[in-house]
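Down below is the structure, laid out as structure tokens.
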Amino acid sequence: MKASIPSSSGPAAAHTSRGWRRDLLRVPLAGVGLRSRWPQFLLRAITLAGFVFTILAGLFGPAVGSHNFAIIFVWIAWWSALKLVFIPLGGRAWCSVCPLPMPAEWLRRGGILSVRRPGPGAGRRWPRRLRGRWLQAAGFLGLGLASAVTLTSPRLTGWVLLAVLLLALVVGLLFERRAFCNYLCPIGGFTGLYAQAAPLELRVKDRRVCATHAEKTCYQVCPWGVYPLALQDNTACGLCMECVRACPLDNLALNLRPPGSDWQTPRRQAPGETFLSLAMLGSAAAYAAVFLGPWGGLKSAAYALGSWPWLAYAAGFLGLTVVTVPGLFVLFTAWSERYSGRGRPLGEALAGVGAALSPLGLAAWMAFTVSFALAKLGYVAAVLADPLGRGWNLLGARGWSWGAVDLAGVVPGMVIALLLAGLAGAGHMIAARTPGRRAAAPLLVFCLLYTLAMLWLLVG
Amino acid sequence: MMLREWIARGLVTLLLAAAVAVALLPAGDAGQAAEVVELHARMPENGGWDRTVLYAVAGQPLRLRLVSEDVVHGFAIGRQATPGLDLYPGEPVETTLTFARPGTYTFYCTRWCGANHWRMHGVIEVSAAPGAAPLATDTPAPQPLYLQLGLDIDAPHPAEAWPAVAPVAARGASLAGQLPAWARSREAYLTSSPAGMWQRLRTEASLGRLSDQQLWDAVAWIWTQPAQEIQAGEEIYRSDCLACHGQEGQGDGVMLRDLSPLEDHTQMGGQLVRPPDFSDPSVLLGASPARLEGKILRGGMGTGMPYWGPILDDEQVAAVIRYLYTFAFPTAESAAAPVAVPGHPDSHGGP
């Protein structure tokens, strides 16, 4: 119990054993809006239509990336919003309005709001071997291999989005619950990982109430296959609110909480998650080098899909993300473990400290996004005004200007602040997960080296 | 319960239908769209103009919608005074052209969009309006001078002589009065190379007391008149020639800067040869304006030189030729410098 925090936050605020919490479901209007299926359904219907429109705009719109709705909306607007707003503030909030799993789910249960056929539990089980974050990491790295072209070619973006939509549909029709989201979605992997930082969580209010409730209604309805009582962090929960709607005992809360709460208590991390975390570190550095670095040859190589220089780039990209960064971390962890004197197997040691990479990775991706996308936000108005390159000027948006904000002056400061915050967070977590300074030092060195590398790539 | 479900389904269907409709319905209102011809521009390596033949009827407007799909391109009609249009990627431009006379017109890109920029040509076939009285047939344009003279513009044309020090046209002006009448005729200028003219003047007994250098000054004066023509030529040179021939005519333009003999230039029409150095007197002093006109109109010469016949009109070609000679006859300020020792005249196929 943290008694030192002043309890001025009203009747819905509470201090649990985990610290300050405030249940949004108890805030009058928000509570109604979150419990009702309509607002969420409307958002999802809009994002679904938007997704289809984006595919068509990518395939049939202007061939110029900076004027194509698909490129600007997916890779500049949405991608930035995901990393700068949705994840840091809402965790998996994007998942709660993402359209990808919906067509299959609606078809499978024979209804959008009403359910005529068996619920989310129907369908085959996802093969055990394919569980974990491995496929998601592979998918994310696979996108990285073609990223230079995907990020600039509207046609390829259109095809990639269409493929993702169809894959989600097929997987959703064949397998139970949100198998696509849980095991395949390349975005879902790191969203879940970094959602632990968010100041928002869905948790049960009173564990004793659940323990005596035999029906487990929440688990029966959860599309993600999550039993809310078992939630220890934000990773698995897609914030869809189905459990909230189903719980007969009103024992679920959507809490505001201090950011990074999931990182307070050391927990074992699955190997797949640690690997994903390391792959994300490596790819943030690779993206920074390709898109923001001064190396024209590297850019050209990344762009020339299928050519020899591209193969060299692909080998370098995979070498960095799959071998070098993970290899270094394993090395530094082994070194740390020698000093700790605990004599655990290396796998155990990695599971113990892996989570400390999350703040580092989140900060690196936010810093990359700030450097990469902020300056390009000006394109958003242009594609809003004329999403299909027909010479339109919808809403007069063509004239909107971001000129008032001198981003060039702010970006380096933001990048440095983000990277240092990430390093501080990682350092804090390492200290809590290692016995003594000598054991912490190698891991701190790893994080410091990575932060310096990112600073060099992004600030120079 | 069922009503809610149907509302939800209706909403999803409506939104999806709207998304597909907005994305796929043809642009503009149908009445207009039918009359507008859409012409897309891409870098020549990616296909160039998506149509290379357009059709129009004399006296009837041709409405064009021009769209660049990659970089900045331009659009202009050859041998016409109308200024060109710039086509910025993603910003379609509409224009209406009306051709008074039937014929074949060339449209072309006016912006250096890539190494093969000059290949971005197309034609507009303008037919006579049905039922229109046949136009009085124009007298056919005379053949270009190089054809009348039967010049082999692919042959080397080394200068027979060159000055020891760069000539100064301003000094030559004072000698103008002493020159024989034939030397001041336009025909003599068009058909002689400067070196040929100098040799012929040298044989004139009346000029026997002038030094070699004075004669060169006189030749420089003949070749650099009138100044307005040079100015007009410079503008054309800057927009159309400089990218390959270079700021100072030395054949070191930005398009060729990285040219290596080992590269495969088959896409450029077989081979690409570095243009000659116009500041080397052995190159230009051996070429008559008629010969240069041929090279400009027809292009080729086993190099990457485009053909400008359908694009530049006669006056423009004459002006750019005048400007070219200023590389051989520099202005007064730089004239004091001794002329560089000529290289190997035979190695130059032509400008």
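The values are calculated or read from the model by the stated rules, or taken from the named source; none is laboratory data. Quick caveat, the model's predicted, so the values are computed rather than measured. When we count neighbours, we look across all protein chains shown, and the Cβ atoms used for this are built from the backbone with ideal geometry, even at glycine. Side chains included, ligands, DNA and RNA excluded: accessible areas come from the protein's heavy atoms. Shrake-Rupley method; radii C 1.70, N 1.55, O 1.52, S 1.80 Å.
Legend: residues B:V123, A:V170, sorted from most to least accessible area (1.4 Å probe; ligands, DNA and RNA excluded), read A:V170, B:V123. The 3J(HN,Hα) values that the Karplus relation (6.51, -1.76, 1.60; θ = phi - 60°) gives for region B:68-75 are, in residue order, 8, 9, 9, 10, 6, 10, x, 9 Hz. Gly and Pro appear as x. Summarising the amide proton neighbourhood of B:E38: residues at separation of 5 or more, or on other chains, whose placed amide H is nearer than 5 Å comprise B:R65.
Lys and Arg at +1, Asp and Glu at -1: add these up for the other residues within a Cβ distance under 13 Å of A:Y194 and post the number.
On the way: positive: A:K83, A:R92, A:R133; negative: A:D233, A:D262, A:E273.
Here the count lands on 0.
For the peptide B:9-15, the mean number of other protein chain Cβ atoms found within 10 angstrom of a residue's Cβ is 5. Could you list log10 I(q)/I(0) for chain A at q = 0.06, 0.09 Å⁻¹, which the Debye formula gives when each Cα is one point scatterer? Values, matching the q order: -0.27, -0.64. Take the accessible area of A alone and of B alone, subtract that of the pair with a 1.4 Å probe, and the total buried over both chains is about 2200 Å².
For the protein assembly as shown, the solvent-accessible area works out to 46 Å² per residue, with a probe of 1.4 Å and every protein chain left in place.
Surface composition of the protein assembly as shown: carbon plus sulfur atoms contribute 63% of the solvent-accessible area (1.4 Å probe, protein chains only, all chains present).
Taken about its Cα centre, region A:224-278 carries a charge dipole of about 80 debye when Lys and Arg each add +1 at the Cβ and Asp and Glu each add -1 at the Cβ.
Can you work out the FRET efficiency for the pair A:L143 and A:L292, with r the C-beta to C-beta distance and R0 = 22 Å, to the nearest 0.05?
Values: r = 18 Å, r/R0 = 0.82.
According to the calculation, E is roughly 0.75.
Comparing the full protein assembly with the isolated chain (1.4 Å probe, heavy atoms, ligands and nucleic acids excluded), the residues of region A:46-88 losing at least 40 square angstrom of accessible area are A:A49, A:F53, A:L56, A:V64, A:H67.
Find out how many positive minus negative residues lie around B:R63, taking Lys and Arg as positive, Asp and Glu as negative, among other residues whose Cβ is under 13 Å from that of B:R63.
Working: positive: B:R65; negative: B:E35, B:E38, B:E94.
With Lys, Arg at +1 and Asp, Glu at -1, the neighbours total -2.
How big is the gap, in Å, between the Cα center of region B:74-152 and the Cα center of region A:415-460? Measuring centre to centre over Cα atoms gives 65 Å. Working from label points 7 Å from Cα in the Cα-to-Cβ sense, the B:Q247 to A:D206 distance is 8.3 nm. Only the Cβ atoms of Lys and Arg (+1) and of Asp and Glu (-1) were treated as charged; on that basis the dipole of region B:123-212 about its Cα centre amounts to roughly 560 debye. Shown for region B:60-87: residues covered by the partner protein chains by 20 Å² or more of accessible area relative to the chain by itself (probe radius 1.4 Å), namely B:R65, B:E69. The trypsin sites (Lys or Arg not before Pro) of region B:190-226 meeting both criteria, a DSSP state outside H, G, I, E and B (loop) and at most 10 other C-beta atoms within 10 angstrom of the site's C-beta, are B:R209.
Reported to the nearest whole Å, the Cα centre-to-centre distance from region A:227-247 to region A:254-311 is 27.
How big is the dipole moment of the protein assembly as shown about its Cα centre under a simple scheme where the beta carbon of each Lys and Arg is +1, that of each Asp and Glu is -1, and everything else is neutral? Debye, nearest 20, please. Intermediate results must be reported in sequence, preceding the final value.
Numbers: 65 positive and 52 negative charges, 1254 e Å.
Charge dipole, the protein assembly as shown, about its Cα centre: 6020 debye, nearest 20.
Which net charge results when you count Lys and Arg as +1 and Asp and Glu as -1 among the other residues whose beta-carbon is under 15 Å from that of B:S211? With Lys, Arg at +1 and Asp, Glu at -1, the neighbours total 0. Region A:314-360 and region A:45-103 have Cα centres separated by 34 Å.
For the pair A:V330 and A:L249 in one chain, pulling the backbone fully straight at 0.36 nm per residue adds 24.6 nm over the alpha carbon distance.
To the nearest 0.05, how large is the calculated FRET efficiency for B:A132 and B:Q178 if R₀ is 60 Å and r is the Cβ-Cβ distance? Calculated transfer efficiency: 0.55.
Take the Cα of B:R79, step 7 Å toward its Cβ, do the same at A:L420, and the gap between the two points is 7.0 nm.
Over all directions, how big on average is the projection of the convex hull of the alpha-carbon atoms in the protein assembly as shown, in square nanometres?
47.7 nm²
FRET efficiency for A:L173 and A:E215, Cβ-Cβ distance as r, R0 = 41 Å, nearest 0.05? Display every interim value, and only then the final one.
On the way: r = 28 Å, r/R0 = 0.67.
For A:L173 and A:E215, the calculated efficiency is 0.90.
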